Amino acid sequence: MLNGKVALVTGSTSGIGLGVARALAAQNANIVLNGFGDAGEIEALRKGLEDEFKIRAIYIAADVSKPDDINAMIGKATSDLGGVDILVNNAGIQHVAPIQNFPPDRWDAIIAINLSSAFHAVRATLPQMLDRNWGRIINIASAHGLVASVQKVGYVAAKHGLVGLTKVVALETAKSGVTCNAICPGWVLTPLVQKQIDARAANEGVSVDDAKIELLAEKQPSLEFVTPEQIGALSVFLCSEAASQIRGAELSIDGGWTAQ
Ligand code: NAD
């Protein structure tokens, strides 16, 4: 379905971003991987995508907290692969603490990585999408883009901001072939969430398995994790013709979290 298209997924060396990159590659899109990690493991991921899906995959090591890195990444993706047709703003970090103890440097980092990076990436990519009159911008927000939880002031503020950014970009592109939407996942068992489960187990003196069940029971009525593959499949749908009038939407995929 996405033959000849190029998809850039920020933070795709792990978790949800990797699941989205794999799902787009399975539809024949060429892929730009980005994110941190061990160089050998990242090269294995990159080559694995090329071998499994018979597409081109490149890796660009931009730090998306830095606007100059983002601009250079979009430039390199465009020169190496011919353009960026699908932009998935996925890179994100978390920090958990009550506001009076929330380190200002964590606030700044979360706002830069989870919110401002999307502004810089869209700004740098949208002109070429509008020139071709086709593009898909998918922002990986969160249930925390729609509702709040305690101890996550930076994350909740950034994700609510990302949902707002999504709506503005959708309106500004409404008469074009470019769409912009937000996916709002509930709990997905990735390294970002595993850290929160481990911290919970340590704080409460319970087993990691019990902490996992407690974490789900508190927010996610299905009591099951959302998977990166399911978020990948939703991203593929958003890239389809059938989704061309889905614009500015906040698409929950959260086991019922925000239905409560
Ligand atoms: P993860 O920790 O598994 O992956 C995060 C990715 O972002 C990694 O590839 C990491 O290297 C990359 N990254 C981090 N900082 C970066 C930077 N400065 N520059 C470039 N890349 C950077 O986390 P995940 O759970 O897969 O999260 C992916 C996105 O999904 C995040 O935006 C997160 O907020 C969102 N999300 C996650 C969940 C969940 O339950 N896991 C739920 C809702 C939303």
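The values are calculated or read from the model by the stated rules, or taken from the named source; none is laboratory data. These numbers come from a predicted model, not from an experiment. Glycine also receives a Cβ, built like all others from the backbone with ideal geometry; neighbour counts cover every protein chain displayed. Note: areas computed on protein heavy atoms with side chains; ligands, DNA, RNA excluded. Shrake-Rupley method; radii C 1.70, N 1.55, O 1.52, S 1.80 Å.
Below are the figures for this structure:
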quantity	calculated
Protection-proxy order for peptides 242-249, 200-207, each taking the mean of Cβ atoms within 10 Å per residue, highest first	242-249, 200-207
Apportionment of accessible area to carbon and sulfur, the chain, percent (1.4 Å)	55 percent
Inter-label distance, nm, simple model (7 Å from Cα along the C-beta direction), Glu43/Ile213	4.5 nm
Ordering of 164-176, 58-70 by packing [mean C-beta count within 10 Å, highest first]	58-70, 164-176
Kirkwood hydrodynamic radius of the chain, Cα pairs, Å	18.5 Å
Pairwise FRET efficiency - His95 versus Met1, Cβ, R0 = 45 Å, nearest 0.05	0.75
Sequence-distant residues sharing a close amide H with Ser252 (under 5 Å, placed H)	Cys184
Segments 119-126, 251-258, 41-48 sorted - mean Cβ within 10 Å per residue, highest first	119-126, 251-258, 41-48
Å² of accessible area per residue within the chain, as computed with a 1.4 Å probe and no ligands counted	44 Å²
Spin-label model distance (nm) - Lys195 vs Ala242, 7 Å beyond Cα toward Cβ	3.6 nm
Spin-label pair Glu204/Arg132, simplified geometry with 7 Å Cα→Cβ offset, distance in nm	4.7 nm
